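Peer 1: Questions regarding the structure given below will be posed in turn.
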Amino acid sequence: MTTADYALAISLCSLLIALSSFVWNVWSKFIFPKPRVNASVGIFSMFTADVGASNPHVALNFTNHGPGEVTLHVVCLLYKKHLWSKPEHAMLNPIHNFPFEPYQSLGPFSGGLPKKLLVGEGHTFRFPYEAESFLALPIFRIGATDTFGRYHWVKVSNLRHAQRQFWKDFPNAKKRTWDDPPDSPESSDS
């Protein structure tokens, strides 16, 4: 092979790379654009002039950064029952009519779900902040799914920060596992 043959082979390879990157850019920007959704979790209180500060609550916030609209379908979390088991998903029940009914949920589709977010729009889902909160469970990820089945997760560092705050506020809370039965009120013998 001569130098011209090597130059031709390299030129053809670079042409293929350039063509594939062009097709990928057109596909991802114009044909099938995926919106980026920023998610965060934290413990917040709401302050109003007439009432003052409300009880703290867990707030899960989603903001659509575009390029198109997105519809959040379900708030979910990812967990493992045991160290050796496969990760599983669970749905969370947001508070329905916050702040007027701070502990009432109507199931996994309360709190405004499904929620359509236009570009630049955000929405916050709120959950009770108590010793039996989902933050006491061994969860790995928390986020939401959209109608196309894509997951929009909170950063792990942000979730760990909220869990550290939870254990600081509730040091005597029982570390829960997925095998624990839900707490039931103690029955009194009369």
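The values are calculated or read from the model by the stated rules, or taken from the named source; none is laboratory data. Keep in mind that what you see is a predicted model, and the values were worked out from it rather than measured. With ideal geometry, Cβ positions are generated from the backbone for all residues, glycine too; neighbour counts draw on all protein chains shown.
Peer 1: So which residues in the stretch 1-54 are polar (S, T, N, Q), in a strand (DSSP E or B) and loosely packed, with under 10 Cβ neighbours inside 10 Å?
Peer 2: Scanning the stretch 1-54 gives a single hit, 48.
Peer 1: Same structure again: What are the residue pairs meeting all of these: first residue in the stretch 76-98, first residue within 14 Å of residue 133 (Cα to Cα), second residue loosely packed, with under 13 Cβ neighbours inside 10 Å and among the hydroxyl-bearing types (Ser, Thr, Tyr), Cβ atoms under 8 Å, and 6 or more apart or on different chains?
Peer 2: 95/103
Peer 1: Next up: Quick one: in the stretch 135-190, of everything that is basic (Lys, Arg) and at pLDDT 85 or above, which residue is farthest from residue 88 (Cα to Cα)?
Peer 2: Out of the qualifying residues, it is 168.
Peer 1: Separate question: Given (1) more than 26 Å from residue 166 (Cβ to Cβ); (2) at pLDDT 85 or above, identify the lone condition not met by residue 32.
Peer 2: Residue 32 satisfies every listed condition except (2).
Peer 1: Can you pull out the residues in the stretch 15-56 that are among the small types (Gly, Ala, Ser) and assigned by TED's automatic domain parsing to the domain that holds residue 142?
Peer 2: The answer is 39, 40, 42, 45, 49, 52, 53, 54.
Peer 1: Separate question: Answer yes or no as to whether residue 129 is in the same structural domain as residue 70 (by TED's automatic domain parsing) and modelled with pLDDT under 90.
Peer 2: Numbers: in the same structural domain as residue 70 (by TED's automatic domain parsing): yes; modelled with pLDDT under 90: yes.
So residue 129 fits the description; yes.
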